[in-house]
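**Student:** Encoded as structure tokens, here's the structure I'll be asking about.
The values are calculated or read from the model by the stated rules, or taken from the named source; none is laboratory data. As the structure is a prediction and not an experimental result, all values here were calculated from the model. When we count neighbours, we look across all protein chains shown, and the Cβ atoms used for this are built from the backbone with ideal geometry, even at glycine. Calculation scope for accessible area: heavy atoms of the full protein, side chains included, ligands and nucleic acids excluded. Shrake-Rupley method; radii C 1.70, N 1.55, O 1.52, S 1.80 Å.
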Amino acid sequence: MSNVREYQAWDFGAFRGAALSIADNRQQALNLLDNLEELTNDELAALARHGPEALRNELVEGCFTEFIRRINTWIVLRHRPFDDFEKLTRAFLEVAALAGAERVPRVMNFLSGYKKPEPYVARYIELLARMHSLDALSAIGDSLAGAKWAALRRKIQEHIVRAALFVGADPLQRVKKGRFKHSPFVAGVLFYKAPTHKCEVEISPAPADLLRERSAPTDNDELQRLYIDFFWTALRSRIASPGGPFAYPGLTRGGLGFIDTALDCLEDCAKSLVSGAMPWTFSTPFLMAAGVPKIPFAGRTESVQAHYLGFRNALTTIALDVHLVGLPDKNTPGVPPDELAAARGSAH
């Protein structure tokens, strides 16, 4: 068993941390806390994430401090390849996200030292979103100024709304006020919660050529974003004018094939939610998509399948957000088993 760390466990740090937590092995966790310098970067991050709950604050503080020591050592000595420093940074962010809002200024000051800090800041935000850390997300949003951070600031507000809904807080009290322009998702949720609430919205233009050839996996991202923005924009429009016409800005409908079918489905779903014909539950978007055909994979350059994959990915995101908005019991934010079973019955 002497080589388990190197060869017999894919993620030894997570394995050991989970074992300590399950067994509630306080003494062994304290032993590791006294010898953090002997752990790898990944093991440090795993210990902070998975260690015994009773020692979580001590473990996070200790691992955070050890990462700071390693980062400062690397900066002074420059003794390891830069790739190692990048891995060190990413492991550090895992622990920093557990450390709460009080650590945000120090973490952001460190990340600002990168020539291109954007991907690291984005990663930090995603990790905080997983923790539903409202105060930390707000602190980062307040620290980002300038046009280059505009899209990320809107993304932070989306995370704040989801985190607030998840923990049972009022999203109206947590998002930015005034002339800040929110994404269609945030604007849609706020308008549904309080139709009289004034909220500026930034609607991204539709992709220039929706029917162009799509062969790379990332080609689905802009379509996924369009489907999500379209749904929440349609929902907001239906609340404002239940019987009025709806048109997504800059999008010419008709002649788009599968995309038209998918957008019609999302518009009908938004209309049914606003009217009360369908409940705000996880399965509703999947049930409403029963008439949308599943497009199988037929080669790397099959654009229609890319259109479908963007829709399928968007449908899952929309379903989770609809579930959060409609939570009947804020103490049980999980998706009920019957809702999961209904969604699994969908072709999507």
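**Student:** Using only the heavy atoms of the protein chains and a 1.4 Å probe, how would Ile68, Ile125 rank by accessible area, largest first?
**Tutor:** Ile68, Ile125
**Student:** May I ask you to list the trypsin sites (Lys or Arg not before Pro) in region 284-348 that are in a DSSP loop and have at most 13 other Cβ atoms within 10 Å of their Cβ?
**Tutor:** Lys294, Arg300, Lys330
**Student:** Hey, any idea what % of the chain's accessible area is carbon plus sulfur with a 1.4 Å probe?
**Tutor:** So the carbon and sulfur contribution to the accessible surface is 53 percent.
**Student:** Can you work out the Karplus-derived ³J(HN,Hα) for every residue in region 269-280? Use 6.51 cos²θ - 1.76 cosθ + 1.60 with θ = phi - 60°, whole Hz, and x for glycine or proline.
**Tutor:** Per residue, the Karplus-derived 3J(HN,Hα) values read 5, 4, 5, 5, 5, 5, 6, x, 5, 10, x, 7 Hz.
**Student:** Please report the accessible area of Arg78 (heavy atoms, 1.4 Å probe, ligands and nucleic acids excluded) in Å², nearest 10.
**Tutor:** Probe radius 1.4 Å; accessible area of Arg78 about 150 Å².
**Student:** Then there's this: Would you mind checking the pairs Lys181/Lys294; Lys87/Lys177; Lys181/Lys330; Lys148/Lys177 and listing those with alpha carbons more than 26 angstrom apart?
**Tutor:** Lys181/Lys294; Lys87/Lys177; Lys181/Lys330
**Student:** Can you give the longest run of the chain that contains no chymotrypsin sites (Phe, Trp or Tyr not before Pro) sitting in a DSSP loop with at most 12 other Cβ atoms inside 10 Å?
**Tutor:** Looking at the chain, 11-296 is the longest stretch - no exposed chymotrypsin sites (Phe, Trp or Tyr not before Pro) with at most 12 other Cβ atoms within 10 Å.
**Student:** While we're looking at this one, here's another question. Using the heavy atoms of the protein chains and a 1.4 angstrom probe, tell me the accessible area per residue for the chain in square angstrom. Provide the component values of the computation, followed by the final result.
**Tutor:** Working: 17540 Å² over 348 residues.
Here the per-residue accessible area is 50 Å².
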